[in-house]
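First the structure, in the form of structure tokens, and then the observations on it.
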Amino acid sequence: TVKKLSKQLKLNLVETNCHLHPLDSMATKCKSALLQVEKEHGVSASLFGSGCGAERIVLGLNKMRFKDCRGDPTGFRIYLATNDLPLGLITRYRGNRLHILFHLAAVYTQHYSHVMEYLQSHCLNGSSLKTCLIKDLMNPLFRIELQALALVGKMLTGPWMSTFYSNDQSLTYMGGVGVVENIIKKIEEALSSNTYIEFSKDFFGNPIDQSNMRKVFSNVSDNTLLSVVRALLTAILIVLKKQYSSFLQMDALERSALDAPTAAARLHNID
């Protein structure tokens, strides 16, 4: 359609795709990468589904929190209230929607002991869902998957939401393209080291609270965790280079020529 309109109107029309929606593709690619990791380790989840272990855990706990027939919404709410945890601690998981998978992975990583205590001692549902959740949550690889997703959330997808889920006009659409290009370079730099990834700052350059990181990710230097994080970042790099390929192939002069035509474009079309 764009090509036909450009030809008919004799104009160079520019597609300003939403800067937020690459997060959906990142989540999809990350889940595929985790499935490959599970295949290499010869591990498969007990929970129903075709996704990776981490996603099945997220889906299973969502059923426990919100589904009357399969889950235990009342018991879950009582446990949260009894332990002074907010009732909104767990949000509904709706597919790959933006940052949600990474956010929930961080919640379950940070509150792992609470989740296990609830399932083992307080859950009113005696179905196979509870049994499989306990089994998969005790699996070391699936715990690492949740931690890896949570780390990517802290390093990339969370700050991405904060930056682009805004109507602040100080950041232009093409300025956003420049931000993404810089992120691609930082991910490539992180992957260039085979033994170490820097977690003191996110990929947007913002400092990360290290005391909180140590509490949540006590084994951040674990080799398996780092290898899984690297697999996720590699997958994300593929997504970004593909979705922003048309801009990345332009030189500085071509990009600057798009500043005026895209001046009215918004960072996102999520509305």
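Values quoted throughout were computed directly from the atomic coordinates according to the rules given, and no laboratory measurement underlies them. Computed from a predicted model, the values in this text were never measured in an experiment. Heads up, the Cβs are rebuilt from the backbone with ideal geometry, glycines too, and the neighbour counts pull from every protein chain shown.
Of note:
- Here the range 1-141 is treated with +1 on each Lys and Arg Cβ and -1 on each Asp and Glu Cβ, and its dipole about the Cα centre works out to around 800 debye.
- Among 81-89, 197-205, the peptide with the highest mean count of other Cβ atoms within 10 Å heads the list, and the full ranking is 197-205, 81-89.
- Against the chain, whose longest principal axis comes from its Cα atoms, helix 22-41 is set at around 50 degrees.
- Taking the chain and dividing mean pair separation by its residue count, relative contact order in percent (alpha carbons under 8 Å, at least six apart): 26
- Computed log10 I(q)/I(0) for the range 1-145 at 0.09, 0.12, 0.15, 0.17 Å⁻¹: -0.36, -0.55, -0.76, -0.94, from the Debye equation with unit scatterers placed on every C-alpha and solvent omitted.
- Each distinct pair of alpha carbons in the chain adds a 1/r term; the inverse of their mean, the Kirkwood radius, is 20.3 Å.
- Calculated on alpha-carbon atoms, Rg and Dmax of the range 121-201 in Å: 19.0, 53
- Between Glu15 and Asp68, the distance separating the two model label sites (each 7 Å from Cα on the Cα→Cβ line) works out to 4.4 nm.
- Residues with amide H under 5 Å from that of Lys201, placed H, sequence gap 5 or more: Ile208
- Whichever aspartates and glutamates have a C-alpha closer than 14 Å to that of Lys10, once near sequence neighbours (fewer than 8 apart) are set aside: none
- The angle between the Cα long axis of helix 100-110 and the longest principal axis of the Cα atoms of the chain comes to about 40 degrees, rounded to the nearest 10.
- Charged-residue dipole, Cβ positions (Lys, Arg, Asp, Glu), the range 54-112 about Cα centre, Debye nearest 20: 260
- Once both labels are positioned 7 Å from their Cα atoms along Cα-to-Cβ, the gap between Ser200 and Leu85 label points is 3.3 nm.
- 0 to 90° range, to nearest 10: angle between helix 173-192 axis and the chain longest Cα axis: 60
- Between the amide H of Asn96 and any residue lying 5 or more places away or on another chain, no distance stays under 5 Å, with hydrogens modeled in the peptide plane.
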